[in-house]
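Have a look at the structure below, then the notes.
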Amino acid sequence: MNELILELTDISPKDFFGDQSANIALIKKYFPKLKIVARGSKIKAYGDQEILEEFDRRMAMLFEHYGKYNKLDENVIERVFLSNSKADYETPMSSNDILVHGVSGKIIKPQTANQRKLVALAKSNDMVFAVGPAGTGKTYTGVALAVKALKEKQVKRIILTRPAVEAGENLGFLPGDLKEKLDPYMQPLYDGLRDMIPAEKLEQLIDNGTIQIAPLAFMRGRTLDNAFVILDEAQNTTHAQMKMFLTRMGKNAKFMITGDPGQIDLPRRVISGLKEALLVLKDVEGVGIIFLDDKDVIRHKLVKAVIKAYKSIENLDS
């Protein structure tokens, strides 16, 4: 009897097999002449060589679909196993704006005109500054672009970093080791990734270094090749930190710098590295700069009102 072994390398077996292996049970119905066993991260099939070859081809289509959409259900399996070509089973998409398909097939795409401009800038420039108030999707869009680049093998790794500046809190009094102290500062980056990459796969990518999340100080001395790198909360960098970060850029690298000049937590009289960089680099070819505003806020409607109210006070102060 012939044997075929399929390894689920970048796929969560739990998600792919389905609840109580419902997806595997359905697949077995389409190949009743094969003995199919799913265990751990492997699917083994036994039977006639010609049928095994057809099974291998259909499973490759399923793997490709899951890798792209992070979703597998009865309808998808039926379309794949009854189709004659990829065009027959691919779900047509009405928009070219889609960046990635997140967890459970969630569609992630730019939501506003400025977010679409940000995506366009990232395509045509290797270094992009996205500046704007809280809730405008700067970090989230950047993470989506990074995940897209990794999935499409444009880069080999994603590096996400922030300056560990204390916003009214003291790091020294937080419990735990250095990583545990810093994780709260990195939480917005983790949140975006969890939306876009299944939990098991995300943990694997972090463990093997494909995705790195670290404070800005850890960037010193490195050359970042073949990477999509995001510096978040850049308004809290100093002159020296910003210059250090920008000069880490290596071959085939994309840099995105996001920040809100209205939320600077640096000591008084310390110039924000973000504000300075926007002036210094505004005419440099290959550097894109976009300013988002309260029209791009996609959180609760009150966030827009809060931003507007504070802006009026700041205008009076100035």
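Things to note:
- If you go through region 16-34 and keep only what is open to solvent by 60 Å² or more (accessible area, probe 1.4 Å), over 20 Å from Ala199 (Cα atoms) and either assigned to a helix (DSSP H, G or I) or in contact with a helix residue (DSSP H, G or I) (Cβ under 9 Å, 6 or more places away or on another chain) (or both), you end up with Lys28, Lys29, Tyr30, Lys33.
- Any hit, region 162-180, residues being surrounded by 22 or more Cβ atoms within 10 Å (Cβ to Cβ) and modelled with pLDDT under 95: yes
- In region 262-288, the residue that is farthest from Asp232 (Cα to Cα) out of those that are β-branched (Val, Ile, Thr) and open to solvent by 30 Å² or more (accessible area, probe 1.4 Å) is Val284.
- When Val76, Val100 are checked against the criterion of being modelled with pLDDT under 90, open to solvent by less than 80 Å² (accessible area, probe 1.4 Å) and in contact with a strand residue (DSSP E or B) (Cβ under 6 Å, 6 or more places away or on another chain), Val100 stands alone in meeting it.
- Residue match in region 199-220 (condition: among the acidic types (Asp, Glu) and part of a loop (DSSP other than H, G, I, E, B)): no
- Residue check for Ala234: surrounded by fewer than 17 Cβ atoms within 10 Å (Cβ to Cβ), at pLDDT 90 or above and of a type in the set (A, V, I, L, M, F, W, C): no
- Selection from region 211-225 of residues that are of a type outside the set (Lys, Arg) and either under 11 Å from Thr161 (Cβ atoms) or crowded, with 16+ Cβ neighbours inside 10 Å (or both): Ile211, Gln212, Ile213, Ala214, Pro215, Leu216, Ala217, Phe218, Met219, Leu224
- Restricting region 1-15 to residues that are touching a strand residue (DSSP E or B) at 6+ places or on another chain (Cβ under 8 Å) and assigned to a loop (DSSP other than H, G, I, E, B), the residue that is modelled with the highest pLDDT: Leu8
- Annotation: of all residues in region 106-140 being free of Cβ contacts under 8 Å to residues at least 60 places away in the same chain and in a loop (DSSP other than H, G, I, E, B), the one that is surrounded by the fewest Cβ atoms within 10 Å (Cβ to Cβ) is Lys109.
- Members of region 252-288 found to be touching a residue at least 60 places away in the same chain (Cβ under 8 Å) and part of a loop (DSSP other than H, G, I, E, B), listed by number: Asn252, Ala253, Asp260, Pro261, Gly262, Gln263, Asp265, Leu266, Leu281, Gly286
- Test: Val229 is of a type outside the set (Lys, Arg), surrounded by 13 or more Cβ atoms within 10 Å (Cβ to Cβ) and modelled with pLDDT under 75: no
- Every pair of residues 6+ apart whose Cβ atoms lie under 9 Å, when the first sits in region 37-62 and is over 19 Å from Gln20 (Cα atoms) and open to solvent by 40 Å² or more (accessible area, probe 1.4 Å) while the second is modelled with pLDDT of 90 or more and not in a strand (DSSP E or B): Tyr46/Leu34; Tyr46/Leu52; Asp48/Lys33; Asp48/Leu34; Ile51/Phe31; Ile51/Lys33; Ile51/Leu34; Glu54/Phe31
- Condition check for Lys44 on (1) touching a strand residue (DSSP E or B) at 6+ places or on another chain (Cβ under 9 Å); (2) in a loop (DSSP other than H, G, I, E, B): one failure, at (2).
- Phe291 being closer than 21 Å to Lys123 by Cα and open to solvent by 30 Å² or more (accessible area, probe 1.4 Å): yes
The values are calculated or read from the model by the stated rules, or taken from the named source; none is laboratory data. Nothing here was measured: the structure is a model prediction, and the numbers come from that model. Please note: Cβ atoms are built from the backbone with ideal geometry, for glycine as well, and neighbour counts cover all protein chains shown. Only protein heavy atoms, including side chains, enter the accessible area calculation; ligands, DNA and RNA are left aside. Shrake-Rupley method; radii C 1.70, N 1.55, O 1.52, S 1.80 Å.
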